[in-house]
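Below: one structure, written as structure tokens.
Derivation of every value follows stated rules applied to the coordinates shown; laboratory data play no part. If you're wondering where the values come from, they're calculated on a predicted model, not measured in any experiment. Counting neighbours? That spans all protein chains shown, and the Cβs are built from the backbone with ideal geometry, glycine included.
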Amino acid sequence: MIETLIQGKIRVKLLTKLFLNPNNVVYLRGLEKEFGVSSNTVRLELKKLSSVNLIETVENSENNQKQYRANPEHPLFDNLRGFILKQFGLDALIEKVFDRIGQVEQVYLTHDWAEGKTGPFMDLVVVGKVDQLYLHDLIRKAEPILQRKIRVAVYSDIHVLPNLEYIPSLRLI
């Protein structure tokens, strides 16, 4: 659906990568490799999105590399991010699953999805006292709708949670 509203596959991939997880910081060569297109193609899209301030430039003094990230101050930031979350069903997953399974303290999206790379697997870490049988039943029902396999790790206590600092993660709740 998003492809019909926003012209260009590269632009859609770029917006998804940056707005799915606004903490993502990307650079030209990395996007070129990830998307499998020329650096000029990526550069043109970055320039267009920068010109309307949807993304902003971040200077990296370590390696003199220009990096980019979503601009959370843009008036359309929340709308665009909400649209992208809806596109992949994350809003419904949060609303229909995690609001119903018990006392959920935190939910993290991890690995590829946290980096803005959509893939066949959606990895989640859930912290709280939850009804795991009901959770797995809801996930079984959600997978065909989202057209993705959902993998979940449940921790009852935040103190036993593995250190998410070392893996890409995005807190949803």
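Other residues whose C-beta falls under 14 angstrom from the C-beta of L44 contribute a net charge of +4, scoring Lys and Arg +1 and Asp and Glu -1. Over all pairs of different C-alpha atoms, the range 88-171 has a mean inverse distance whose reciprocal, the Kirkwood radius, equals 13.0 Å. Roughly what % of Cα-Cα distances in the range 11-156 sit above 25 Å, to the whole percent? Roughly 37 percent, rounded to a whole number. Could you tell me whether the range 1-74 comes out rounded, prolate or oblate from its Cα gyration tensor? Rule is a ≥ b ≥ c as square roots of the eigenvalues, rounded for a/c under 1.5, then prolate if a/b exceeds b/c, otherwise oblate. Because a/c hits 1.5 or more and a/b fails to exceed b/c, the range 1-74 counts as oblate.
Estimated at 0.36 nm per residue, the fully extended path between E62 and I94 surpasses their Cα-Cα distance by 7.8 nm.
Treating cross-link reach as a plain straight distance, find the lysines whose alpha-carbon is under 23 Å from the alpha-carbon of K48, omitting any fewer than eight places away in the same chain. Once the sequence-local lysines are set aside, what remains near K48 is K9, K13, K17, K33, K66, K117. A DSSP coil position with no more than 16 other Cβ atoms inside 10 Å describes the following trypsin sites (Lys or Arg not before Pro) in the range 4-108: R100. With +1 on each Lys and Arg Cβ and -1 on each Asp and Glu Cβ, and nothing else charged, work out how big the dipole of the range 63-173 is about its Cα centre, in Debye to the nearest 20. Using only the charged Cβ atoms, the result is roughly 320 debye.
What GluC sites (Glu not before Pro) in the range 1-89 are in a loop by DSSP, with at most 11 other Cβ atoms within 10 Å of the Cβ? Here the GluC sites (Glu not before Pro) that fit, given the DSSP loop and packing criteria, are E62, E73. Ignoring aspartates and glutamates fewer than eight residues from K141 along the same chain, the ones with Cα atoms less than 20 angstrom from its Cα are D91, E95, D99, D123, D131.
Among DSSP beta bridges whose residues both lie in the chain, state the antiparallel percentage, nearest 5. DSSP beta bridges in the chain are roughly 75 percent antiparallel. If R0 is taken as 35 Å, the Cβ-Cβ distance between R171 and N40 corresponds to a FRET efficiency of 0.50.
Basic side chains Lys and Arg get +1 at the Cβ, acidic Asp and Glu get -1 at the Cβ, and with that the dipole of the range 2-80 about its Cα centre reaches some 300 debye. Distance between the 7 Å Cα→Cβ label points at N163 and Q147: 3.9 nm. Helical content alone sets the calculated 222 nm signal of the chain at -11000 deg cm²/dmol, taking -39,500 (n - 2.57) per DSSP H segment of four or more residues and averaging over every residue.
If R0 equals 41 Å, the separation of the Cβ atoms of S51 and L133 corresponds to a calculated FRET efficiency of about 0.20.
Near the amide H of V154, within less than 5 Å, lie the amide hydrogens of V126, all on another chain or at least 5 residues away, with H placed in the peptide plane.
Within the range 88-171, DSSP assigns beta bridges of which about 60% are antiparallel (rounded to the nearest 5).
In order along the range 104-112, phi translates into HN-Hα couplings of 7, 8, 8, 9, 10, 8, 10, 6, 3 Hz, rounded to whole numbers, per the Karplus curve 6.51 cos²θ - 1.76 cosθ + 1.60 with θ = phi - 60° and x for Gly and Pro.
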